[in-house]
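Since every read-out is calculated from the coordinates, none of them should be taken as a lab result. Because the structure is predicted, anything quoted here is derived from the model rather than measured. Positions of Cβ are backbone-derived with ideal geometry, glycine not excepted, and every protein chain shown enters the neighbour counts.
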Amino acid sequence: MCSSDLTYQGPSCVESAKTTQMEAVKSLNDQIINPLEARGNVVDLFVVETSGCGHQMMDGLIDQYNTGGRIKGFDFETPMNGQAYSTRYVINMFNQHKAVPLVNYSLVLMTRHDVLWRTPITEWKGSVDFRRVNFLNRCEFDSPYGEGCVNDILHMMPGSLFANFSNAVNM
């Protein structure tokens, strides 16, 4: 997968972004979730929004995400201050509410609500390796978060590697 396979839609917690937000959710369903389910995978979703959008923005997104009862956990009422806290929060939610043991998840994918997916996951090319931990790219060279920082648009790995990923995040 390469960065041309997706687009960051910009700030999402404003009324003017509602249309692009719904397009992003539709693209996640069309390009990621539906192709996985078409191949016989069960998709469990854990939806977290921590910037304080509340019901105004999230109710419509939840309806789109929950087709077939996919949502196993959600929270959009706990505000967080920054990506690191939000990432740790969603990891903890997944660990607490996962539907099956971690090793039974063939793929764990963490992404944002504001990404427009352009290419089906079944057609990703490039350096993506579904047997390893994948992330889109590292943060900017001069990032205040240090050289270990990675972009939060996408993290993907087999369930068997999730515990190691969880232990390494926010260290």
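A compact table of results
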item	result
Cα Rg over Rh - region 31-133, Kirkwood	0.95
Neighbour net charge for ASP59 - beta-carbon separation under 14 angstrom, K R +1, D E -1	-4
Label-point separation in nm, ARG70 to SER160, each point 7 Å along Cα→Cβ	2.6
Under 5 Å, built H, 5+ apart or other chain: amide partners of LEU154	LEU136
